[in-house]
Amino acid sequence: MEKKQFKTESKRILDMMVNSIYTHRDIFLRELVSNASDAIDKIYYKTLADDTLTFEKDKYYISIASEKENRIVKISDTGIGMTEKELTDNLGVIAKSGSLAFKKENEIKDGYDIIGQFGVGFYSAFMVADNITVISKAFGNDKAYKWESTGADGYTIEPCEKDSVGTEITLKIKENTEDDNFDEFLDENGLKSIIKKYSDFIRYPIKMNVSNSKLKEGSETEYEDIVEEKTINSMVPIWRKNKSELTDEDYNNFYAEKHYGFDKPLKHIHISVDGVISYNSILYIPEKTPYDFYTKEYEKGLELYSNGVLIMNKCADLLPDYFSFVKGIVDSEDLSLNISREVLQHDRQLQLIAKNIKSKIKSELENLLKNEREKYEIFYKSFGRQLKYGIYSDYGSNKDTLQDLLLFYSSKEKKNVTLDEYVSRMPEDQKYIYYASGETNARIEKLPQIEMVSDKGFEILYFTDEVDEFAIRMIAKYKEKEFKSVSSGDLGIEAEKKEEPSEVDDKENKELFEHMKAVLAGKVNDVRASKRLKNYPVCLSNDGELTIEMEKTLNSMPNNENVKADKVLEININNDMFKVLKESFEKDKSKLDLYTNILYNQALLIEGLPINDPVEFTNNICKVMI
């Protein structure tokens, strides 16, 4: 029997495909099952076009069997089968797809769709098999044919016997090596696991003989091992069912079955779209943050199916980074797939689905915020930081999408509020949205800088996440109101005349402040009389765009450049301490130097900044006490 050679540089293509295109060997079963499903679909299409034929769905199935001792796996179907010519045309030319040709010829637009649109999927079996035998009998033909190959060297075709229409593929599984364990593809549980993983929602039954232990008839204690034929796949995916027939428990069970998390989802989103692009989707908003969510190891993405067949475990392109916490699946019949179904083309269909999903997630979060505030607070505690990162990244291009989803603790309400809620309460004479930054709300409450804003009766938002100020800078304005840190040099507040340092005071104290500034050379940009302090003796404020909290955040990052905010040491000239400073300036400048360093270090401690020389600071305190 003459061995025929593959066409189209098959040796090179086969080698590349087996070693490069597929990243997981177990997908060979997915590909062969999908081809078997296609073969049954083709009979279904024939019945649509021929009134003399009927399609009795119960007669159509896919069968998988394993002979562990002989290292054999068989995949059989009751589909349309292949003639000798079709075996040559479809299996003799790598990257030639009979399914794709059939679809084009028939222009099928029914609910059934041909999965196998590219022909290389069959050859993935050579990743696990030394030899592949295909026996097929075509619909309407009396003869059957056997196709056989050991790989890139070529193949043979010869007549054979087969009782029924359909195709049977026999794989001779490779022997184990030091690096590879091929026994897993012979194991009953291993095969079941692969079927459930990739082909659970194939519309036809996938049957296997399964071993079970049962009580012997008439016995209460003695068990026997029996083998039963069982359907492994569920066939009807939850996302294709009507929402009206599903309960919260059904959605929660699916969340658990897919191992999306050990928590229960806060919310599910069931999407069915039929239009320019048709798809079904179930999305989940988790309750808790995955342990690795804020690490480089975390992989975002949704499971992507094409007509019930798993294409990608995590398709990152379906989710923007700021919604990377969302879990779920997308199934579409309209996606353009390229080689092996494993790599998806970045086409218009995918972009349309992603755009729609983004809109649905935002809408659901807005509804949660508006109608189920307590649930939203739980969500925000876990994933609010991700929304802020979303605003900060891409130079603020996502701010319109995300800014109304943000929450910050309010000095007035003593709870989290939205930016819209804050602005709606602003008095007419309030120019800015004020915020204060610190490690905790309790620390912020004690900051000297909030004194003037609080006394004015203005609400202050507390920023306790390191990304807060960076995100707010990207927003810049909310409903025409700019943001202003309570540590800013100019708060935009008119102080009461009796409390405001006069110009005379500024001139009188100019030399004193110039001296203090010289003592703190390189540490502060200026020393000046404070217009914001009422009870506290001293504080730090900042000139310029970079705040002290931003400085702390940037300097905590790896490979930082030791950035510095332009700090100003503000002195409360109405505090008794100031009298001491003036006296020491006139009588003993060495004491003034001592006091200046102490006050500066006190201001650093208030801000949560490290003191450069703690020993010197404690010694200075002791000098004052003596």
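Quick notes on this structure:
- With every protein chain in place and a 1.4 angstrom probe, the accessible-area ranking of 549, 333, 220, largest first, reads 220, 333, 549.
- C-alpha long axis of helix 510-519 to longest principal axis of the chain, angle in °: 50
- GluC sites (Glu not before Pro) restricted to DSSP loop in segment 409-470 with at most 12 other C-beta within 10 Å: 413, 428, 439
- Filter on 4/57; 355/564; 57/355; 267/355; 399/431 - keep pairs with C-alpha separation over 29 Å: 4/57; 355/564; 57/355
- FRET efficiency estimate (nearest 0.05) - Cβ-Cβ, residue 297 to residue 131, R0 41 angstrom: 0.55
- With each label modelled as a point 7 angstrom along the Cα→C-beta vector, the residue 394-residue 582 pair spans 5.8 nm.
- By the compact-protein rule of thumb, 2.2 N^0.38 Å, the alpha-carbon radius of gyration of segment 577-620 corresponds to a ratio of 1.23.
- Taking all protein chains together and a 1.4 Å probe, the residues 229, 2, 377 rank 2, 229, 377 from largest to smallest accessible area.
- The chain, accessible area per residue, ligands and nucleic acids excluded (1.4 Å, Å²): 51
- Net charge over other residues, Cβ less than 15 angstrom from the Cβ of residue 176 (K, R count +1; D, E count -1): -4
- Residue 425 paired with residue 445, simple spin-label distance in nm, labels 7 Å along Cα-to-beta-carbon: 1.6
- Net charge of Cβ neighbours under 14 Å - reference residue 589; Lys, Arg +1; Asp, Glu -1: -2
- With DNA, RNA and ligands ignored, accessible area of residue 622 (1.4 Å probe; Å², nearest 10): 70
- More than 23 Å apart - percent of Cα-Cα pairs taken over segment 344-426: 30
- Accessible area per residue (1.4 Å probe, heavy atoms of protein chains only) ranks 373, 30, 443 as 443, 373, 30, with the largest value leading.
- In this entry, the chain is assigned a mean projected area of 42.5 nm², taken as a quarter of its C-alpha convex hull surface.
- 222 nm mean residue ellipticity, helices alone, for the chain (DSSP H n ≥ 4; -39,500 (n - 2.57); rounded to 500): -10000 deg cm²/dmol
- Surface/4 estimate of mean projected area, convex hull on alpha-carbon atoms of segment 414-559, nm²: 10.4
- Only protein heavy atoms count here; on that basis, with a 1.4 Å probe, residue 231 has an accessible area of about 70 Å².
- Sorting the segments 581-591, 510-520 by their residues' average number of neighbouring beta-carbon atoms within 10 angstrom, most packed first, yields 510-520, 581-591.
- Segment 402-418-segment 179-237 distance, computed between alpha-carbon centres (Å): 53
- Accessible surface of the chain [probe 1.4 Å, protein heavy atoms]: carbon and sulfur percent: 46
- Over 25 Å (Cα to Cα) - which of 300/477; 415/481; 358/484; 68/146; 59/314 fall in this group: 300/477; 358/484; 59/314
The values are calculated or read from the model by the stated rules, or taken from the named source; none is laboratory data. What you see is a predicted model; the values in this text were computed from it and never measured. Heads up, the Cβs are rebuilt from the backbone with ideal geometry, glycines too, and the neighbour counts pull from every protein chain shown. These accessible areas exclude ligands, DNA and RNA; they are computed on the full protein's heavy atoms, side chains included. Shrake-Rupley method; radii C 1.70, N 1.55, O 1.52, S 1.80 Å.
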